[in-house]
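Novice: I am attaching a structure below and will ask some questions about it afterwards.
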Amino acid sequence: MDLLRHLRYFRTVADEQHFGRAAERLRLAQPSLSQRIQRLERELGVRLFDRGSRGVSLTPAGRLVRAEADALLAAADRLDSVVARVRDGATGTLRAAVPPDLGGPTVAALLTGYQDRSPGSTLDLRELTTIQQVRELAVGTLEAGIVRHPCPAEGLDFGPLLHQPLGVLLRADDPLAAAPLVPLADLTGRDLVLFPRATAPALYDETLTRAARHGCTPAAVHEARGGDFAQALVLSGAAVALLPSAAGQPGAVWRPLAGTPLTWRTSTAWPRDRYSPAVRRFAEAAYEALRAGAGMLPDRPPGPPPTVGPPPTPGAGAGSGEADGAALGAPLDAASAPRAGAAPEPAPGPGPRPEPGAGTTEEGRSGADASGGPGGPPAAPAPAEEETRARPLYPRPASEFPL
């Protein structure tokens, strides 16, 4: 017997003091309601009502049961409310992670954005590399994260893909510092500073491969875990540093690369079978924080809703990404470059979606992550994007981030 349901029937009959009116209120047939009350009386072993031709009244035992039933049903209602808030992500704790060197302003914006969306809940945020996040997402010790691509996609769904253009940090008296943009090929023969390869082998190799394809062959590559060490190497005149962004330090300047030949790609991620309102709020807060705090840009402008059909086949831009002009940090073409003076892109929910093939490459199979790297203060605000028809952001299936 469902005790709580039968107690609710009992309370309604006690309130109405009439089986007919109680049955109408409960939208039950009167004989069915009478049978349910009789079953409750048998279960409790007491008579709850005195029945008469004009209605019913509580017996002494019924009055005692009524008082306890009110307290029990009130507690059950409170429990339902708490469970609903946890289920909707309005309370409880969400375990999430961000990659190293994401930047203080970006992390602060993420924490604030999540708290604004879910004031009754807590965000337990940790700093982990992409591969560490993937492992913990798989075993359930992490519920959401911000990952760098290439990223192993098995068992994961992703939020919209954002890219972070790389520039070069130069000493202020460097001849290249006089130009507003630096051609990547002009860095040939220089020593470069990058994040340690051990922290993100796939992204490290991808960055140098793309640099070579754009005519840049460094004399040597130095590894720096933090932005301070990278800037020290630059200020000494020993090297130039490839960074997503950097504020002007005394004696050094940051310049964007001409044509945006190199980018780092970032998105939110979560286990495919554990998407929840709390994860959605995290993904929305992360999207806004990455755009505002880190100056990241959508991988491509939002387009019309996709047609229903099978996923793209390898060789059509969905495999290694070589056929995709925006994949793997390739130069932006006219379709993917932001258009100055256009209307700003709407914030998530509706918004841009990554195109198939833009998420991972064959290099992601090696288990390499794309986190880490020297960083600096956030870049200047991104230019406005072209206003087009939006489509939903979440969740993004792993099939759109093929390895």
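Novice: Using alpha-carbon pairs under 8 Å, 6+ residues apart, how would you state the relative contact order of the stretch 1-126 in percent?
Specialist: Numbers: 105 pairs, mean separation 24.2, N = 126.
Value for the stretch 1-126: 19 percent.
Novice: Same structure again: Per 0.36 nm of contour for each residue apart, how much would the distance between ARG78 and ASP124 grow if the chain were fully extended, relative to their Cα-Cα spacing? List each step's numbers first, then the result.
Specialist: Details: separation 46, 0.36 × 46 = 16.56 nm, distance 2.57 nm.
Answer, rounded to one decimal: 14.0 nm.
Novice: Under a point spin-label approximation (7 Å from Cα along Cα-to-Cβ), what is the ARG225-ALA172 distance to one decimal in nm?
Specialist: Reported label-point gap for ARG225 and ALA172 is 3.0 nm.
Novice: I want to check the label-to-label distance for SER57 and THR141. Put each point 7 Å from Cα in the C-beta direction and report it in nm to one decimal.
Specialist: It works out to 6.7 nm between the two label points.
Novice: With a 1.4 Å probe and all protein chains left in place, how much of the accessible area of the stretch 34-146 comes from carbon and sulfur atoms, in whole percent? Could you put the intermediate results ahead of the total?
Specialist: Working: 3180 of 6120 Å².
C and S atoms contribute 52 percent here.
Novice: Let me ask you something else. Give me the percent relative contact order of the stretch 189-286, please, defined on Cα pairs under 8 angstrom at least 6 residues apart.
Specialist: On the way: 87 pairs, mean separation 28.7, N = 98.
With pairs under 8 Å counted, the relative contact order is 29 percent.
Novice: Pop a pseudo-label 7 angstrom from the Cα along the beta-carbon direction at both ARG21 and ALA71 and give the gap in nm to one decimal.
Specialist: 2.8 nm
The values are calculated or read from the model by the stated rules, or taken from the named source; none is laboratory data. This structure is a prediction, so every number in the text was calculated from the model and none was measured. FYI the Cβ positions are ideal-geometry reconstructions off the backbone, even for glycines, and counts take in every protein chain you see. For accessibility, only protein heavy atoms count, side chains too; no ligands or nucleic acids. Shrake-Rupley method; radii C 1.70, N 1.55, O 1.52, S 1.80 Å.
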